[in-house]
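Student: Got a structure here, written out as structure tokens. Questions coming.
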Amino acid sequence: MKKMNFASIAVMLLVVVFAFSSCGDKKDVKTDTKTDTKTDTKTETTEKKDDKKKKDFKKSDAPKKELKADVPADWTELVSKDGKFHFSAPSNWTVSSDTETKFTAMSEDKSMGTTFVIFSNDQITADELLGLALADFDFEPDGEAFAFTENNMEGYITAAKGKIDGTEMMMYVMSAIENGGKGNYVLYIFTPTANFEKNNATMETILYSAKLK
């Protein structure tokens, strides 16, 4: 499995890519690094606890789930800039980056995307972080959020639904807190609702591949 360090591209890049996924020529490269000087208001609100009201969600009463994934050998392991958070994605996904705290990748056919954010407030709880993450996109939880544990990381995962640039979308949202440390992370994986059934297995593999090392 290949490994790469990532920084990030702004969350709104996903909106642009999805909106124009049917236009233009297909890129030949798998990794595209560029600088974006535009301000991303969505991820900025995630980093400011009081700027936006948290979304309410119902917690499952089930025991904490352990994260496990059968990751294909040819996938790429992605490592956050702080070196702690790891997760995997298909190696043919296109990765772009611009900061040390935000990251976005798109599937080759542009039907799936993932966005990762390192959250700066080390005093926040995992449930508060999930509520803010949902509010960032103004998405509504689709079912209960379940708690998970993985080594020295714990948090919540929920499915959610909403719209991005007028398109009906489904996403998985993970909030992750480092036990005994200052790491706080959000992982989004999303797809148009029309593609959810087809893409769900890949999305879950990405989600459950998350580790804190």
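The values are calculated or read from the model by the stated rules, or taken from the named source; none is laboratory data. Values in this document were obtained by computation on a predicted structure and should not be read as measured data. Please note: Cβ atoms are built from the backbone with ideal geometry, for glycine as well, and neighbour counts cover all protein chains shown.
Student: For the stretch 160-200, which residues satisfy the criterion of being at pLDDT 90 or above, small (G, A, S) and surrounded by fewer than 21 Cβ atoms within 10 Å (Cβ to Cβ)? Walk me through it before giving the result.
Tutor: Going through the stretch 160-200, the residues at pLDDT 90 or above turn out to be 160-163, 166-178, 184-200.
Subsequent filtering for residues that are small (G, A, S) retains 160, 162, 166, 175-176, 194.
Passing the criteria: G162, G166, A194.
Student: Taking the stretch 169-184 as the region of interest, how many residues are of a type in the set (A, V, I, L, M, F, W, C) and closer than 12 Å to Q123 by Cα?
Tutor: 1
Student: Could I ask something else about it? In this structure, does G166 turn out to be out of contact with any helix residue (DSSP H, G or I) (no Cβ under 7 Å at 6 or more places or on another chain) and at positive phi?
Tutor: Values: out of contact with any helix residue (DSSP H, G or I) (no Cβ under 7 Å at 6 or more places or on another chain): yes; at positive phi: yes.
Yes; evaluated as a whole, the condition is true for this residue.
Student: Which of the residues belonging to the stretch 181-200 are small (G, A, S) and in a loop (DSSP other than H, G, I, E, B)?
Tutor: In the first step, residues of the stretch 181-200 are kept if they are small (G, A, S); the result is 181, 183, 194.
Across the stretch 181-200, the qualifying residues are G181, G183.
Student: Could we say that A62 is part of a loop (DSSP other than H, G, I, E, B), more than 17 Å from N184 (Cβ to Cβ), among the aliphatic types (A, V, I, L, M) and at pLDDT 85 or above here? Reasoning before the result, please.
Tutor: On the way: part of a loop (DSSP other than H, G, I, E, B): yes; more than 17 Å from N184 (Cβ to Cβ): yes; among the aliphatic types (A, V, I, L, M): yes; at pLDDT 85 or above: no.
It is false that A62 is part of a loop (DSSP other than H, G, I, E, B), more than 17 Å from N184 (Cβ to Cβ), among the aliphatic types (A, V, I, L, M) and at pLDDT 85 or above.
Student: Could you tell me which of the residues A126, A105 is farther than 13 Å from F190 by Cα, aliphatic (A, V, I, L, M) and surrounded by 15 or more Cβ atoms within 10 Å (Cβ to Cβ)? Explain how you work it out, then say what you get.
Tutor: Numbers: A105 fails: farther than 13 Å from F190 by Cα.
Testing whether each residue is farther than 13 Å from F190 by Cα, aliphatic (A, V, I, L, M) and surrounded by 15 or more Cβ atoms within 10 Å (Cβ to Cβ) leaves just A126.
Student: For the stretch 52-98, enumerate the residues that are crowded, with 19+ Cβ neighbours inside 10 Å and small (G, A, S).
Tutor: Going residue by residue through the stretch 52-98, those that are crowded, with 19+ Cβ neighbours inside 10 Å are 55, 57, 67, 75-76, 78, 80, 84-85, 87-89, 93, 95-98.
Selection gives S80, S88, A89, S96, S97.
Student: Scan the stretch 95-150 for residues that are farther than 23 Å from E168 by Cα, in a helix (DSSP H, G or I) and touching a strand residue (DSSP E or B) at 6+ places or on another chain (Cβ under 7 Å) and jot them down. Don't jump to the end; show me each part of the working.
Tutor: Going residue by residue through the stretch 95-150, those that are farther than 23 Å from E168 by Cα are 95-102, 118-129, 146-150.
Cutting the leftovers down to in a helix (DSSP H, G or I) gives us 126-129.
Once the filter is applied, which keeps residues that are farther than 23 Å from E168 by Cα, in a helix (DSSP H, G or I) and touching a strand residue (DSSP E or B) at 6+ places or on another chain (Cβ under 7 Å), the stretch 95-150 yields A126, D127, L129.
Student: Okay, moving on. Suppose the filter is of a type outside the set (A, V, I, L, M, F, W, C), touching a helix residue (DSSP H, G or I) at 6+ places or on another chain (Cβ under 6 Å) and buried (at least 17 other Cβ atoms within 10 Å of the Cβ); does T205 pass it? Break it down stepwise before answering.
Tutor: Details: of a type outside the set (A, V, I, L, M, F, W, C): yes; touching a helix residue (DSSP H, G or I) at 6+ places or on another chain (Cβ under 6 Å): no; buried (at least 17 other Cβ atoms within 10 Å of the Cβ): yes.
No; evaluated as a whole, the condition is false for this residue.
Student: Is it the case that some residue within the stretch 135-153 is crowded, with 21+ Cβ neighbours inside 10 Å, at pLDDT 90 or above and among the aromatic types (F, W, Y)?
Tutor: yes
Student: List the residue pairs whose Cβ atoms are under 6 Å apart, where the first residue sits in the stretch 61-76 and is under 28 Å from V95 (Cβ atoms), the second is outside any loop (DSSP other than H, G, I, E, B) and basic (K, R), and the two are 6 or more positions apart or on different chains.
Tutor: Sorted first by the residue in the stretch 61-76, then by its partner, the pairs are T76/K2.
Student: Turning to a different aspect of this structure: Can you tell me which residues in the stretch 167-180 are touching a residue at least 60 places away in the same chain (Cβ under 8 Å) and either more than 22 Å from E140 (Cβ to Cβ) or not in a strand (DSSP E or B) (or both)?
Tutor: E178
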